[in-house]
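Following: one structure in structure tokens, then a few remarks.
The values are calculated or read from the model by the stated rules, or taken from the named source; none is laboratory data. All of these numbers come straight from a predicted model, not from anything done at the bench. Don't worry about glycine lacking a Cβ; one is built from the backbone with ideal geometry, like all the others, and counts go over all protein chains shown. These accessible areas exclude ligands, DNA and RNA; they are computed on the full protein's heavy atoms, side chains included. Shrake-Rupley method; radii C 1.70, N 1.55, O 1.52, S 1.80 Å.
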Amino acid sequence: MTRYYQKEIETASPEQIREWQNERLLKTLQHVWDNNKYYRKKMIDRGVLVGDVRSVDDLWKLPFLTKDDLREAYPYGLMSAPLSDCVRIQSTSGTTGKRVVAFYTQADVDLWEECCARAIVAAGGTKDDVVQVCYGYGLFTGGPGLNGGSHKVGCLTLPMSSGNTERQLQFMTDLEATILCCTPSYAAYLAESLYEKGMRDQIKLKAGIFGAEAWTEEMRHDIEEKLGIKAYDIYGLTELSGPGVSFECEEQSGMHINEDHFIVETIDPETGRVLPDGERGELVFTSITKQAFPLLRYRTKDIAVLSREKCSCGRTFVKMSKPMGRSDDMLIIKGVNVFPSQIETVLMNKGLTSNYQIVVDRLGTTDSIEVKVEMTPELFSDTINSIEVREREITDALKSMLGIYAKVSIVEPKSIVRSEGKAVRVIDKRKLYG
Ligand code: DLL
């Protein structure tokens, strides 16, 4: 029997959801117009006034917001509530350019945690569960978000944060954790470590809630098999609150977007044109319940497909596919578009692990791509000759997936650095030369 955290909301009729969205959009828009000079100016520059938007159907009239806007308005420019009403900030890792800082009132924190609670219940969580949260705590939203959601469901919460794998495994077995929350790459690393230490039989896990980075279906199957669990995807971004913008249910065929809090659109990333559901495009979100930091028409750069097909779990919220990579993660190699996830699919279908790294370089004017992937224990005992044969096989499979030649190097076990948070899959040396 399907369980829900907030059944009336999660299974509301499409008409009811639309009614909430219309009402909340107008309220949020007025709030932003009254309190946020930056966005008001953007609207005026586009020739739109607050009264021009009367329902969700008019959303297209509003200007987009991008990460560049957030950087330009850093730190307070996009706030819509006085600082004295805020109780929290969270921030992105800021690897590229200035950090993005998001603000929360207590009500914003509560709504965010409720979204995470929905995800935990959808993954089978109840108050009898022990939830091990090994997303980073602190400025990153993963730890605090799932921690708060787990409290709301009433689970016993282990606030582990990331890293210290020995201690993770000790608590996982001693305290009999049943639900694991971390990045998929860290889940794969924990699974690997459990096998190495001969502790695989001592765990009581039944489910994992994994997100914050792109991962393929092949990687899901691998983790599910190794840990003997069901692995659920969860999506979100700091700018919109954090994890829990959308989450997977037992059908595991896409993530339900919490449409009572967010309106989603997909657009053509080149032209900005709104696309019909079912067409692959960039996700754009409008938050309609937040007080401190509501973003209208925020462009995520994440590429996905929306589906309104009926879901067997009874939830009526629209579903998004796994993001197929960010438009800015896409590598252009010799003019060909390459997503790291395509490479992951090939490697895993060929029986290799998710311990891989992609190195892109440029010699003169020619791009090159090398895929380093670790040996599996079976390969370790093979001869050099048979390893070369395997490398050629993978090169051929990559050629037919990507249409270009990629050098494949099967490297020693453990030579690729394990990730405790978001994995670094690509080293693009071309950027080093400007
Ligand atoms: O990664 C929030 C989060 C924490 C989500 C824990 C899920 C679990 P940021 O650090 O701001 O926030 O990064 C947001 O990460 O735009 C996507 O590109 C990517 N991302 C997040 N979840 C997924 C996912 C958190 N399930 C950026 N699949 C987003 C693929 C994801 N990519």
Practice task
Using just the alpha carbons, could you tell me how many Å³ per residue the convex hull of region 331-433 encloses?
Solution key: 107 Å³
Handout entry: Carbon + sulfur, % of accessible area of the chain - ligands and nucleic acids excluded, 1.4 Å
Key = 51 percent
Problem - Accessible surface, per residue, of region 331-433 when the full set of protein chains is kept, probe 1.4 Å, Å² - result: 54 Å²
Handout entry: Qualifying aspartates and glutamates (Cα of each under 18 Å from Cα of residue 429; at least 8 residues distant if same chain)
Key = 328, 329, 361, 367, 370
Practice task
With 23 Å as the limit, write out which pairs from 127/197; 7/290; 42/290; 372/414; 127/322 have Cα-Cα distances beyond it, or answer none.
Solution key: 127/197; 127/322
Fill in the blank from the handout: Hits for the chain under the membrane-span-like helix rule (DSSP H, Cα axial span at least 20 Å, Kyte-Doolittle mean at least 0.0) are 106-122
Problem - 32 Å Cα-Cα threshold exceeded, pairs from 61/98; 27/301; 310/350 - result: 310/350
Problem - Kirkwood hydrodynamic radius over Cα pairs of region 112-254, then Stokes diffusion coefficient at 4 °C and 1.567 mPa s, in µm²/s - result: 89 µm²/s
Practice task
Using all C-alpha to C-alpha distances in region 1-325, build P(r) with 20 Å bins and read off the rounded percent in each one.
Solution key: 33, 57, 10, 0
Practice task
Give the cysteines in the chain for which no other Cys Cβ lies under 4.7 Å away, or write none if there are none.
Solution key: 86, 115, 116, 155, 181, 311
Completion exercise
Note, residue 346: beta-carbon cut-off 11 Å, +1 each Lys/Arg, -1 each Asp/Glu, net -2
Handout entry: Peptides 208-214, 121-127 ordered by average Cβ neighbours within 10 Å, highest first
Key = 208-214, 121-127
Problem - Per residue accessible area of region 220-310, 1.4 Å probe, in Å² - result: 32 Å²
Exercise for the section: With just the Cα atoms of region 1-122, tell me how far they stretch along each of the three principal axes, in Å, largest first. Expected result: 50, 36, 29
Practice task
Only Cα pairs under 8 Å and at least 6 apart count here; give the relative contact order of region 206-323 as a rounded whole percent.
Solution key: 20 percent
Practice task
Using a 1.4 angstrom probe, figure out how much accessible area region 16-158 has per residue, in square angstrom, rounded to the nearest whole.
Solution key: 45 Å²
Exercise for the section: Would you calculate the volume per residue, in Å³, of the smallest convex hull containing every Cα atom of region 231-293? Expected result: 107 Å³
Completion exercise
Rh_Kirkwood(region 57-102) over Cα pairs, Å, one decimal, evaluates to 12.3 Å
Exercise for the section: Based on the mean of other Cβ atoms within 10 Å per residue, sort peptides 341-350, 11-20 so the most packed one is first. Expected result: 341-350, 11-20
